[in-house]
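Report on one structure; see the data block that follows.
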């Protein structure tokens, strides 16, 4: 039997370690190229013009071929390591066991082969798989920069082999009716993206405000203009029959910068009057012999009015934002399917969907939801114009309507009429009490939790002075 040669054994171990490192290189290359963000690579190219970054970009563009190259490299290294372990490491260890008298009794039990298999498996899994995978996933950009150029050389050298394997692999898939996957990047659904945002927020990567904005972004395509516009009754408008004194008073009192101008019948919008245009016109008023008692009908205001932008009430909020950008406008008149004016939509309304309420020194809107008595009695005062979505967010409910946009509108819809003050209705686990109402809409509501013993999900309860008599 041949004698144990320590130098040969060390050489074989070093060769095995080299093959393990080669395997680790291809593993790291695969995970890094799948994980790295193309935007990050583009940023590196713009900032540094690095050749290595350009090599990474090229690898990402040809990802199918490159990933196949990494698989080929992993397979070649693993097979070579297995051959080395079976042909050289196993016999050497058998000799080592045979030369040691106290282990010689075990030499016939193939312990050398078991030991060689365990040792190479450990090196292959830990050094050749787990460690490079963890490094690549933790530092995908840095890893990609290091592996891109050598991987390019390997891919170029074995391109015919890679092409052959890809084609035959696709043929095998075709036999089973499976279409080959083009590209290795997973496409996330909207729900998955929302989950990623939540996880990033929980991990502290995203701040609270950033998380809120990202979540609200998904609401844009699901939100129609009619859901966020200022309704017609709340619009500050100007009529062709208004005199200058009345117009100036409206402009000064409202604090707005743009005003829809209606025709004499107050049915259709003929344009927008900008406050700054009005001020410029007033500077020249004396020269033009314009008097404050004159109406817009009495003078030629063609050059004073701006073209009115008209949009349907069913337009989506994301499309409305794009329209504002394309047309370079900040507000538009909203019409229904019959062409009647139903409201006004502004750029601020869209932005508030993303960042929440925006108020300036002229805004005097009351709080939408205010706890009554510090919230100790469980009641809250709710503005009737509060959107159903905002109401659901605050009270953790799931109210919904295909007709109404506001909580006041929902109550009217459920009752089938305009309610009177102090009238109550239960919806789900909440009691709604009408606190203030006009002839046309609910101004405010008192909302409280319903008693647990009440099982009826929706019930109208009338409580008012007239009904008690």
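Miscellaneous remarks
- Positions within the stretch 136-149 being surrounded by fewer than 22 Cβ atoms within 10 Å (Cβ to Cβ) and either outside the structural domain of residue 28 (by TED's automatic domain parsing) or over 28 Å from the mean Cα position of the chain (by Cα) (or both), in sequence order: 145, 146, 149
- For the stretch 334-355, the set of residues classified as over 25 Å from residue 282 (Cβ atoms) and either more than 21 Å from the chain's Cα centre (by Cα) or not in a helix (DSSP H, G or I) (or both) consists of 334, 335, 336, 337, 338, 339, 340, 341, 342, 343, 345, listed by residue number.
- Residue 396 vs. criteria surrounded by fewer than 12 Cβ atoms within 10 Å (Cβ to Cβ) and modelled with pLDDT of 85 or more: yes
- Considering 443, 437, the condition of being under 14 Å from residue 406 (Cβ atoms), at pLDDT 85 or above and either within 38 Å of the chain's Cα centre (by Cα) or not assigned by TED's automatic domain parsing to the domain that holds residue 414 (or both) is satisfied by 443 alone.
- Test: residue in the stretch 18-33 that is touching a helix residue (DSSP H, G or I) at 6+ places or on another chain (Cβ under 7 Å), assigned to a helix (DSSP H, G or I) and farther than 20 Å from residue 129 by Cα: no
Residues checked against (1) within 16 Å of residue 150 (Cβ to Cβ); (2) surrounded by 13 or more Cβ atoms within 10 Å (Cβ to Cβ); (3) modelled with pLDDT of 85 or more:
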site	(1), (2), (3)
16	no, yes, yes
25	yes, yes, yes
41	no, yes, yes
73	yes, yes, yes
78	no, yes, yes
87	no, no, no
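- Pairs with Cβ under 7 Å, 6+ apart, first in the stretch 119-137 and farther than 22 Å from residue 83 by Cα, second modelled with pLDDT under 90 and surrounded by 15 or more Cβ atoms within 10 Å (Cβ to Cβ): 136/35; 137/35
- Some residue of the stretch 446-453 being surrounded by 13 or more Cβ atoms within 10 Å (Cβ to Cβ), touching a strand residue (DSSP E or B) at 6+ places or on another chain (Cβ under 6 Å), at pLDDT 90 or above and closer than 16 Å to residue 407 by Cα: yes
- Selection status of residue 162, farther than 25 Å from residue 42 by Cα, assigned by TED's automatic domain parsing to the domain that holds residue 82, surrounded by 12 or more Cβ atoms within 10 Å (Cβ to Cβ) and modelled with pLDDT of 90 or more: yes
The values are calculated or read from the model by the stated rules, or taken from the named source; none is laboratory data. This one's a predicted model, so the numbers in the text were calculated from it and none came from an experiment. Counting neighbours? That spans all protein chains shown, and the Cβs are built from the backbone with ideal geometry, glycine included.
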